[in-house]
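Below is one structure; the comments refer to it alone.
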Amino acid sequence: MQTLTTFLSSIFSACPEIALFLALVLGCWIGRFRFGSFQLGGVAGSLLAAVLISQIGVHIDSGIKAVLFALFIYAVGYQSGPQFFRSLGRQSVKEILMAVVLAVTGLITVVAVARMFHLDKGLAAGLAAGGLTQSAIIGTAGSSLEKIGLPIAQVQQLQGNVAVGYAVTYIFGSIGPILLCVNVLPWFMKRSIREDAIRAEAEQAGGVHIVGEGEVSAFPHLVGRAYRLTQSELTIEAIEKMAAGITVEKVIRDDKPIGIESTTPLISGDRVLLVGHRSEVLAAGQKIGQEIGESPDLDLSLIRRDVVLSRKDFVGQTIDQCVQSISAAVRHGVYLVALSRAGKAVPVTGSLKIMAGDVVTLLGTSADVERAVAEIGTPLVPSLKTDLVFHGLGVAVGLLIGLGVVHLGSVPLTLGSGGGALLSGLLFGWYQSRHPATGNMPRAASTFLVDFGLAGFVSVTGLQTGQQAIATIMQHGVTLFLLGVVVTLVPLILTMLFGRYVLRYDNTAIFAGALAGSRSANPAFGEVLNKAGNAVPTTPFAITYAVANVLLTLLGPLVVAFS
């Protein structure tokens with residue numbers, strides 16, 4: 001065993017990054033195991049694995065942690081930017097109240113625990129910083145300790161105790177919100193996060209059915225049907241006039257395709273391919289002949305193309321007005337199947353007014369669609385490439401914002417790198433939704449940044465603090481650790497009850513996002529996102545996270561004053 005420890009220690013000394021990826025492997029593997037309805041998850045598993053590995057001795061650069069966290073929180077903001085800005089307003093009051101209640105109950109819990117167990121001001125501040133995982137409290141509390149008029153030696157002792165309390169309580173401070181938001185809250189609400197995330201996504205889509213990954217509609221609106229004509233004296237134009245939503249895309253006569261013109265005469269026995277809206281295709285088909293089964297020579301490939309409506313004369317006009325302004329020859333065989341605005345699907349109706357930046361999805365043959373695209377706007381060509389210029393600038397701007405400091409009396413307030421990157425991600429995500437041809441980032445890429453960034457961040461944190469935390473617990477006993485558990489869980493439970501019975505949260509996914517954000521609990525939020533499978537929890541998290549970052553930072557001087 002000693003030989004293995006020595007070997008691993010030498011490996012980690014030569015390349016500490018191996019310890020990081022080993023923590024990710026072990027942690028995500030551990031996180032997959034289920035015990036009834038309880039599942040630890042990859043983030044909490046990575047933190048525990050990192051603490052275990054840290055006992056061997058690992059020295060890893062804090063710069064890695066800062067980069068991983070910045071990528072994680074920027075990607076979260078980028079994914080939710082459009083929805084976030086749509087949600088600001090009076091409806092945000094609930095999220096703000098959530099953050100206020102958690103900060104107040106957190107302060108009361110820390111002060112009560114400190115007085116009951118006769119903790120000095122340093123240990124009390126450390127409990128707040130670690131149990132509430134708000135590292136900024138270390139700085140604000142340390143500054144306040146210097147101003148209470150104690151001898152310098154005693155101040156230094158108290159500041160050292162801040163670090164001790166923080167080291168002992170931080171690890172459970174990270175794990176506790178994961179357990180409560182991901183496991184306890186769904187049990188309490190009696191509905192799963194995924195179930196409510198799907199429901200909220202459908203409500204936000206305004207009735208538009210959102211097809212999930214790997215899903216297809218069993219009842220598609222647009223169809224292609226093959227028919228054998230049973231009557232003569234028909235033309236292609238005559239068939240297409242039977243209903244507004246159909247086109248004749250192909251005609252086979254004597255097993256050979258014939259040219260298609262509007263005046264092309266058709267004869268009994270011809271096989272035709274009708275494409276269009278289901279009800280109209282079926283109605284026209286019954287009039288012209290008998291539907292036939294498989295007919296490979298009638299098959300045809302259609303393409304879908306997303307197009308930014310860049311014609312200025314479209315803005316403010318209804319869809320029906322825009323369609324009528326395009327010649328019949330241009331719109332022939334082209335179908336509008338979807339419209340999105342600022343990244344959100346919008347129900348397509350003839351009376352819907354077009355706004356700048358709207359994106360429409362067209363369906364038809366390649367030639368037909370390309371002809372229409374040239375007339376109405378700019379195509380969004382699918383790409384797996386990420387615009388690194390756009391997003392590199394986004395992260396840099398976020399980190400720059402995080403450097404700003406505003407002083408509230410003697411208390412320095414700052415968004416920090418996390419808050420700055422989140423704000424920048426929100427802004428850049430919103431801008432990209434209004435200018436879709438700029439700043440491409442495939443959903444898979446942003447999801448990877450969220451998953452890897454957060455799991456990597458907590459792994460580095462565990463590797464850096466795990467050894468000190470275990471050593472401190474061994475030295476001071478488990479009392480301080482257990483008090484940290486109280487400081488972590490009590491404010492969360494009280495805020496959960498307040499959110500359910502006073503604020504009337506009834507959607508588990510939205511509630512979980514708001515609760516995680518009110519504690520600025522990034523690891524918990526990452527697991528909530530994994531359970532949700534979509535971005536529904538992100539908007540409430542972003543609002544409460546921003547408020548909580550300020551309120552929890554203010555707790556440092558208050559804990560010093562009242563404990």
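On the given criteria, is I319 under 20 Å from V360 (Cα atoms) and modelled with pLDDT under 85? Criteria met by I319. Can you confirm whether the range 299-316 contains a residue that is out of contact with any Asp or Glu (no Cβ under 9 Å at 6 or more places or on another chain), among the β-branched types (V, I, T) and either within 22 Å of E240 (Cβ to Cβ) or loosely packed, with under 15 Cβ neighbours inside 10 Å (or both)? Scanning the range 299-316, I find no residue that is out of contact with any Asp or Glu (no Cβ under 9 Å at 6 or more places or on another chain), among the β-branched types (V, I, T) and either within 22 Å of E240 (Cβ to Cβ) or loosely packed, with under 15 Cβ neighbours inside 10 Å (or both), so the answer is no. Exactly one residue out of V334, V323, V315 is of a type in the set (V, I, T), under 30 Å from V536 (Cα atoms) and out of contact with any Ser or Thr (no Cβ under 6 Å at 6 or more places or on another chain): that is V315.
Within the range 256-296, if we keep just the residues that are in contact with an Asp or Glu (Cβ under 7 Å, 6 or more places away or on another chain) and not polar (S, T, N, Q), the residue that is nearest to L234 (Cα to Cα) turns out to be G285.
Restricting attention to the range 20-69, the residues that are at pLDDT 85 or above, closer than 30 Å to F188 by Cα and open to solvent by 70 Å² or more (accessible area, probe 1.4 Å) add up to 1. For the range 381-396, the condition holds for at least one residue, the condition being that it is in contact with a Phe, Trp or Tyr (Cβ under 8 Å, 6 or more places away or on another chain), open to solvent by less than 70 Å² (accessible area, probe 1.4 Å), modelled with pLDDT of 80 or more and over 30 Å from T133 (Cβ atoms). Can you pull out the residues in the range 416-457 that are β-branched (V, I, T) and open to solvent by less than 40 Å² (accessible area, probe 1.4 Å)? Correct list: V450 only.
Only one of V337, V359, V275 is on the phi < 0 side of the Ramachandran plot, more than 29 Å from the chain's Cα centre (by Cα) and either among the aliphatic types (A, V, I, L, M) or modelled with pLDDT of 80 or more (or both); which? Unique residue meeting the criteria: V275. For beta carbons closer than 9 Å, sequence separation of 6+ or different chains, a first residue in the range 324-345 that is outside any strand (DSSP E or B) and open to solvent by less than 50 Å² (accessible area, probe 1.4 Å) and a second that is at pLDDT 85 or above and among the polar types (S, T, N, Q), the qualifying pairs are G333/T247; V334/T247.
When the range 95-130 is examined, which residues are found to be without any contact (Cβ under 8 Å) to a residue 60 or more places away in the chain, in a helix (DSSP H, G or I) and under 14 Å from N161 (Cβ atoms)? Selection gives G122, G126. When you check A128 against the structure, is it at pLDDT below 75, more than 30 Å from I303 (Cβ to Cβ) and open to solvent by less than 50 Å² (accessible area, probe 1.4 Å), yes or no? Against the criterion (at pLDDT below 75, more than 30 Å from I303 (Cβ to Cβ) and open to solvent by less than 50 Å² (accessible area, probe 1.4 Å)), A128 does not qualify. For the range 481-501, give me each residue that is among the aliphatic types (A, V, I, L, M) and open to solvent by 20 Å² or more (accessible area, probe 1.4 Å). Within the range 481-501, L482, V485, V486, L489, V490, I493, L494, L497 qualify.
Whenever a residue of the range 228-246 is closer than 13 Å to H277 by Cα, its partners that are assigned to a loop (DSSP other than H, G, I, E, B), lying with C-beta atoms within less than 9 angstrom and at least six residues away or across chains, give the pairs E240/S262; E240/H332.
Restricting attention to the range 348-370, the residues that are of a type outside the set (A, V, I, L, M, F, W, C), closer than 19 Å to A244 by Cβ and open to solvent by 10 Å² or more (accessible area, probe 1.4 Å) add up to 5. Considering the range 458-476, the residues that are closer than 25 Å to T538 by Cα and at pLDDT 80 or above include one that is surrounded by the most Cβ atoms within 10 Å (Cβ to Cβ), namely S459.
The single condition among (1) at pLDDT 85 or above; (2) open to solvent by 80 Å² or more (accessible area, probe 1.4 Å) that E294 does not meet is (1).
The values are calculated or read from the model by the stated rules, or taken from the named source; none is laboratory data. Predicted model only: the values in this text are computed from it and were never measured. In this analysis, Cβ positions are derived from the backbone assuming ideal geometry, glycine residues included, and neighbour counts consider all displayed protein chains. All accessible areas refer to the heavy atoms of the entire protein, side chains included, with ligands and DNA or RNA removed. Shrake-Rupley method; radii C 1.70, N 1.55, O 1.52, S 1.80 Å.
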